[in-house]
Every structure is written in structure tokens, then in C-alpha cells.
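Accompanying notes for the structure given below.
The values are calculated or read from the model by the stated rules, or taken from the named source; none is laboratory data. This is a predicted model, so every value here is computed, not measured. Note: accessible area is taken over every heavy atom of the protein model, side chains too, but ligands, DNA and RNA are not part of it. Shrake-Rupley method; radii C 1.70, N 1.55, O 1.52, S 1.80 Å.
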Amino acid sequence: MRRLDAHRTWLVYQGVDSFAMALGWTVAAVFFVTELEMSPLTLILTGTAMEVAYFLFEVPTGIVADTYSRRTSIVIAMFVMGLSFVATGLAPGVAVVLIAAAATGFGWTFKSGAEDAWLADEVGLENVAHSYQRGAQVARVGALAGIGAAVGLALIDLRVPIVAGGLVMLGLGFLLALLMPETGFRPVRHEGVGAVRAMARTGAQGGRLLRGQPILLLIVGIAFFAGMWSEGIDRLWEAHFLLDVGVPGLGSLDPVVWFGVLSAGVLLLAILVAQPLVRRFERLSRAGMTRTLFAFDAVTIIGTLAFALAGSFALAVTAYWATRVFRSLAGPVYATWLNASIEDSSVRATVISMTNLGDSAGQWGGGPALGVVGNVFGIRAALAAGAAALVPALALYGLAFGRSDEAPRVDVVPQPET
């Protein structure tokens, strides 16, 4: 079977993966709260189990991707995560959810780092911003379709969309195994040594690169504080609407429909806001990326505080949508910024995995503390604490301003519209 070109493969991957994730997770928290009766602390611990597994295996799997194959690593991720989603949907209690969450984190490590490294090598650094921005739009459309499917299936049973999301991931794994190209990757070769020692050398090479570039160390710090923020809002936003703000009735419709509406609203707004800005984002210099990400994080802090303190449903929705839209816009800019800061392509997946540990450490290190705050002082306090945790990232961006143009700027080669 003929393989697709790299850019189109990325668009297919982003669209289907986002569809599966939205299908599996849109109503998962509602299932956890209403049927499994999970508390704010156990909701946070679900994320913590995922992040601890991610933290433990992120660098080893990144080294595997650099040593053997980025494509194979991504395919493994789809299979492991798909099975984990199916297990979550069939879970009889909290213990199985926690185990499945850890398995999901393990599976995620196989694609984290590998997917960005694969894209950069296949399309070239000069074109990666174009693929990231177009892929982000396709991902938003895919997620929007996944939300609609999740809500429809959830009206039958809350478990059904979670299981269905896992099955779609398994199908995507088979599709990528058949259609995904890998022509730009050159595995790290360590002649005359065994597999374990070869991977150890790859890891050491990536570690030296990370330590030798101050901008990458700053990115690790920024990711740490972003991880603390995200763990709070990712695990508690649905519970905040259900338990604090209140969800108005929609006639005879199940309240779960509201969560589909809220998630769909984020994606629709992100698509509309991003479309006129895509080309501008593609052409940002490194300093421009740094300034843009600083502004996005500042708005995120303000939006999260407004969401935490909102006294009405309308204000809570407005604040939540604004926060999520800006984080959605920041994603491809951040990925481009990180990729452009890595000079050695042969250990790209390893270095990206190492920087991603910052985010993971922030989530599993700060998440339980936010869960305790939620149990003792309420979900509003936990969300506000998460917003405060992101403030130090602004100072790190300030330090990054002076280093943003130390390496050569990556200029974008015009690409045809897709």
C-alpha cells in the first residue's frame, strides 16, 4: 500500500487522534463524578497516576524513538492508549480507573516527543510551523466531531463513548502502521555496543544538548508551572460546573449535553479566532514566539481566576472559553518554539521528552496539593491556586526574551494551502 506524504499524514493523524480523544474524554469526568462518585482528590489522583507513569517512562521511550523508529513508537502509543481507554470505559470502580490512567500515561510517552520529532524530520524545520498550524485546525475540527459523537453516545450510556474512543485509537494505530512514511529519520548509530548501551548513549547525548542550551532549560521550567496549572483545571472544571456554578436545565435533555456544548464552544471559537492568525503565527520569529506565549499565559492566569471566582453560569462559561481558546492557540506556537530550539535532529525525540518531563513533574508534583486544597477549601480555591502556580512562568519568559534569537531564525518556506 502506498504511504501518504508527511504533511497529509500529520493532518490525518491530528484529526483522527483528536476525534478519538474527544470521544473518549468529553464525558469521562461526568462518568467519574456521577456513577463512580469520585471526589476532587480522587479526580486529581487519576491525573497523578497518569503523570507518574508518564514521568517514569517519558525519557526511556523518547530514547527508543531516537534509537529505532519514531513511526513505530507512535503506533505503539495508539495501541496502548486505545486499550487503556477501553479499560476505563468498562471500569467497575475507582481502582481500575487509576490503573488504566497509569497505562494511558505509559502509552502517551511513546508518542510524546516522537510525533514532534517525526514531523520536524519529515517536513523540515522550515515547514514545521505550517504543519503545526494546519494540523491544529484539523485537530479542532476532529475534536468537535468527537464531542458531538460523545454526547450522542453518552445519552445511551456514559461508558459507551469512552470505549468507542479506545476502539478508534486502535484503528488509527493500524492505519498509521500502513500509511505513515519515515524517510527523514536517521537512527542514532552506536557501533559495537548492545541495545541498552546504545540507548544510554543516546540519552546522554540528549542530556548534554539540553544542559548546553539555556533556552531549553527555561522551557523545562515554563512547562513545570504550566503542568501545575493544567492539572487543576483539567481535572476539576466539570466538577466546578456541576457542584459550584450549577448547570441550567435544557428542557428534558440530560445535563451531560452541557459539557458537549461547552467543549464544542471552545473548539468553534478556537477555529474562528485561529483562522485569520494562522499565517501570522507561521511567520513568527523566535522572539515573536516568546512574546506571544507570554501574552497567552498572562491571559490564561486571568481567565482561570475569573472562572474560579465566577458567581454565575454565564460568567463561568465566558471565562472558561477564553482560557481554553488561548491555550489552544498557544499549543502549536509552543511546539514550533521548542522544535526550533533543538539543534541536533538525531536526538530530537529524546530532548523533547526531557523537556516534557517539566510538564509531567508539575502535574504529578502539584496536582495532589491542588486536590487537597479542593477537598479542604473547595474547588474554587483549588482552581485559583492553579492559576497562581502559572505566575512564575511569566518570569521565565522574561528571561527567555534575551535568549530567543541566540540561534538562527527558522524562516518559513511558503506552502500550498491544504
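Listed values, structure above:
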read-out	value
Rg/Rg_globular for the chain, with Rg_globular taken as 2.2 N^0.38 Å and Rg from C-alpha atoms	0.94
Gained length - Leu179 relative to Arg2, 0.36 nm times residue gap less alpha-carbon distance	63.0 nm
Accessible surface, per residue, of the chain when the full set of protein chains is kept, probe 1.4 Å, Å²	38 Å²
222 nm mean residue ellipticity, helices alone, for the chain (DSSP H n ≥ 4; -39,500 (n - 2.57); rounded to 500)	-26500 deg cm²/dmol
Cα centroid separation, the range 263-311 to the range 323-341 (Å)	9 Å
Percent accessible area from carbon and sulfur atoms, the chain, protein chains only, probe 1.4 Å	68 percent
Relative contact order (%) - the range 282-348, alpha-carbon pairs under 8 angstrom, separation at least six	35 percent
Extension gain from Asn375 to Ala287, taking 0.36 nm per residue of separation minus the Cα-Cα distance	27.6 nm
